[in-house]
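A.B. asks: I'd like to ask you about the structure that follows.
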Amino acid sequence: MSSIARSIIQKLFTTRYFPVRKTSYRYYPAPVKRFYRSVHVSESDGRYEISLDKRKLKTPSGTLLQLPNEALAAAIATEWDLQQKIIQRHNMHLTALCNTAIDNPCHQNHENIVDGMLQYLSSDTLCFRSNDPPSLAELQKEKWDPLLKWFENRYHVKINISEDVSTNPVPDETLYQLRKHLLSYSHWCLIGINFTAENLKSLILTLAVINHVIDVEKAVELSRLETVFQIQNWGSVEWAHNVDEAQLKARVAAGVLFTYLNEGSSDLIQKDASKKIQMLVK
C-alpha cells in the first residue's frame with residue numbers, strides 16, 4: 001500500500017465527525033380557497049348529484065357523490081354554498097357522512113355497524129355513576145334515570161347501572177332486542193346513528209334524540225353532565241369549554257339530521273332541509 005493511500009485511510013478512521021443537528025418542521029396542508037361560484041343539484045337515474053359550477057362533487061376516493069334523495073342533496077348543496085373564502089371541510093359534517101356511506105373506508109356491512117354500536121352500551125355514559133361527591137350522584141340520578149326508564153320501556157330491555165365500568169355486563173336479551181331494532185334501519189341511517197352515538201358517548205341518548213324524546217341541545221347537556229358539574233364548582237377554561245360544547249352540538253345535530261334525511265325522506269321539502277342545515281353551521 002502506498003504512503004498516500006495509507007495516509008488517506010488513517011484520516012478516515014481518525015477524523016472526528018460531529019453529528020449535524022436536523023431541524024424538524026411540521027407541515028400543515030394549505031387551506032383550500034373557495035374555487036366555485038354556485039352550487040347546483042341535479043337528478044340522474046333516480047339519484048341526486050351536486051355540481052360546483054360545472055364540476056360534479058366526488059368523494060375522497062374519486063367516486064361520484066350520488067345521493068338517495070333530494071332533501072339530502074339540498075342539505076349537502078347548502079353546506080357547500082355556505083362556505084366563505086376558505087372551505088372549512090372539518091365543519092362539513094353532512095358531506096363527511098355521505099363520503100363515509102359511499103366510500104365505506106372501514107369496509108363495514110350492516111351487521112358490523114350495529115355490533116359496533118352495541119358495544120357502546122357496555123360503557124354508556126348514562127350507565128355509570130359517581131358516588132363522590134354525593135351532589136353529583138344525586139344530579140345524575142335526577143337527570144339520567146327518567147331517560148333510562150324510557151329506554152327500558154321503549155325497547156323492552158333491562159339496563160344495569162354501575163360505578164365500575166369493568167363490572168357492568170349487558171344482558172344478552174337486551175343486546176338481542178336492540179340488535180333487531182337497529183338492523184331495521186338502512187345503511188345510511190346507521191352511519192348517522194353511529195356518528196351521533198360516538199359523539200354523545202351514549203347509544204341511549206342517541207336513540208332518545210332519534211325518537212324525539214329529547215332534542216339535540218338536551219342530549220348534549222346530559223352527555224356533558226359531569227363536565228358541567230365540574231365547571232360550576234371549579235370554573236371553566238376561558239373559551240375552550242364553550243367551543244367544545246358548540247362543536248359537539250354541531251356534530252350531534254349533523255348526525256341526527258343525516259339520519260332523518262335518510263328515513264325515506266324523499267318527500268321532505270327542499271326549503272325545509274336548507275333551513276335546517278343553515279341552523280347547523282351557524
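The values are calculated or read from the model by the stated rules, or taken from the named source; none is laboratory data. Remember, it's a predicted structure, so these values are computed and weren't measured experimentally. Cβ placement follows ideal geometry from the backbone for every residue including glycine, while neighbour counts extend to all protein chains displayed. Ligands, DNA and RNA are stripped out before the accessible areas are found, and what is left, the full protein with its side chains, is counted by its heavy atoms. Shrake-Rupley method; radii C 1.70, N 1.55, O 1.52, S 1.80 Å.
A.B. asks: Being over 30 Å from residue 131 (Cβ atoms), open to solvent by 50 Å² or more (accessible area, probe 1.4 Å) and out of contact with any strand residue (DSSP E or B) (no Cβ under 8 Å at 6 or more places or on another chain) narrows it down to one of 176, 185, so name that one. I'd like the intermediate steps shown before the answer.
C.D. replies: Numbers: 185 fails: open to solvent by 50 Å² or more (accessible area, probe 1.4 Å).
Of 176, 185, the one residue that is over 30 Å from residue 131 (Cβ atoms), open to solvent by 50 Å² or more (accessible area, probe 1.4 Å) and out of contact with any strand residue (DSSP E or B) (no Cβ under 8 Å at 6 or more places or on another chain) is 176.
A.B. asks: Consider region 131-153. How many of its residues are within 19 Å of residue 208 (Cα to Cα) and open to solvent by less than 30 Å² (accessible area, probe 1.4 Å)?
C.D. replies: 5
Yes/no matrix, rows are residues, columns are (1) touching a residue at least 24 places away in the same chain (Cβ under 8 Å); (2) of a type in the set (D, E, K, R):
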position	(1), (2)
42	no, no
51	no, no
54	no, yes
72	yes, no
77	yes, no
84	yes, no
101	yes, no
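A.B. asks: Name the residue, out of 83, 119, that is open to solvent by less than 40 Å² (accessible area, probe 1.4 Å) and not in a strand (DSSP E or B).
C.D. replies: 83
A.B. asks: When you look at residue 214, is it open to solvent by less than 10 Å² (accessible area, probe 1.4 Å), of a type in the set (Val, Ile, Thr) and in contact (Cβ under 8 Å) with a residue 24 or more places away in the chain, yes or no? Step through it out loud before you land on a result.
C.D. replies: Details: open to solvent by less than 10 Å² (accessible area, probe 1.4 Å): no; of a type in the set (Val, Ile, Thr): yes; in contact (Cβ under 8 Å) with a residue 24 or more places away in the chain: yes.
Spelling it out, it is not the case that residue 214 is open to solvent by less than 10 Å² (accessible area, probe 1.4 Å), of a type in the set (Val, Ile, Thr) and in contact (Cβ under 8 Å) with a residue 24 or more places away in the chain.
A.B. asks: Scanning region 122-143 for residues that are in a helix (DSSP H, G or I) and under 26 Å from residue 183 (Cα atoms), which turns out modelled with the lowest pLDDT? Let's see the steps before the verdict.
C.D. replies: Filtering region 122-143 down to residues in a helix (DSSP H, G or I) leaves 122-123, 125-127, 134-143.
Add one more test, that the residue is under 26 Å from residue 183 (Cα atoms), and what stays is 122-123, 125-127.
Details: 122: 83, 123: 86, 125: 92, 126: 94, 127: 90.
The residue in question is 122.
A.B. asks: Restricting attention to helices (runs of 4 or more DSSP H) lying wholly within region 180-282, give those where 1 or more residues are modelled with pLDDT under 85 and within 28 Å of residue 80 (Cα to Cα).
C.D. replies: Numbers: elements: 187-200, 203-210, 216-223, 225-234, 240-260, 270-281.
Once the helices (runs of 4 or more DSSP H) in region 180-282 are filtered for at least 1 residues that are modelled with pLDDT under 85 and within 28 Å of residue 80 (Cα to Cα), what remains is 240-260, 270-281.
A.B. asks: Report the residue count in region 47-100 for those that are hydroxyl-bearing (Ser, Thr, Tyr) and within 19 Å of residue 29 (Cα to Cα).
C.D. replies: Initially, region 47-100 is screened for residues hydroxyl-bearing (Ser, Thr, Tyr), giving 48, 51, 59, 61, 63, 78, 95, 100.
Right, trim to within 19 Å of residue 29 (Cα to Cα) and you get 59, 61.
The qualifying residues number 2.
Residues checked against (1) farther than 19 Å from residue 191 by Cβ; (2) in contact with a Gly (Cβ under 8 Å, 6 or more places away or on another chain):
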| site | (1), (2) |
| --- | --- |
| 46 | yes, no |
| 52 | yes, no |
| 55 | yes, no |
| 58 | no, no |
| 61 | no, no |
| 66 | no, no |
| 75 | no, no |
| 93 | no, yes |
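A.B. asks: Based on what the data block shows, is residue 67 open to solvent by less than 40 Å² (accessible area, probe 1.4 Å) and modelled with pLDDT under 95?
C.D. replies: Details: open to solvent by less than 40 Å² (accessible area, probe 1.4 Å): yes; modelled with pLDDT under 95: no.
No: the conditions fail for residue 67.
A.B. asks: Do we have any residue at all in region 88-97 that's open to solvent by less than 40 Å² (accessible area, probe 1.4 Å), of a type in the set (Ser, Thr, Tyr), touching a helix residue (DSSP H, G or I) at 6+ places or on another chain (Cβ under 9 Å) and without any contact (Cβ under 8 Å) to a residue 40 or more places away in the chain? Talk me through it step by step, then tell me what you get.
C.D. replies: We begin by selecting, within region 88-97, every residue open to solvent by less than 40 Å² (accessible area, probe 1.4 Å); these are 92-95, 97.
So of that shortlist, the ones also of a type in the set (Ser, Thr, Tyr) come out as 95.
Next, from what is left, pick out any that are touching a helix residue (DSSP H, G or I) at 6+ places or on another chain (Cβ under 9 Å): 95.
If we keep only those that are without any contact (Cβ under 8 Å) to a residue 40 or more places away in the chain too, we end up with 95.
Yes, region 88-97 contains at least one residue that is open to solvent by less than 40 Å² (accessible area, probe 1.4 Å), of a type in the set (Ser, Thr, Tyr), touching a helix residue (DSSP H, G or I) at 6+ places or on another chain (Cβ under 9 Å) and without any contact (Cβ under 8 Å) to a residue 40 or more places away in the chain.
A.B. asks: If you scan region 217-236, which residues turn out to be open to solvent by 30 Å² or more (accessible area, probe 1.4 Å), over 23 Å from residue 192 (Cα atoms) and not aliphatic (A, V, I, L, M)?
C.D. replies: 226, 227, 230, 232, 233, 234, 235, 236 - these are the residues of region 217-236 that are open to solvent by 30 Å² or more (accessible area, probe 1.4 Å), over 23 Å from residue 192 (Cα atoms) and not aliphatic (A, V, I, L, M).
A.B. asks: Would you mention how many residues in region 89-104 are closer than 18 Å to residue 36 by Cα and at pLDDT 95 or above?
C.D. replies: Final tally of qualifying residues: 2.
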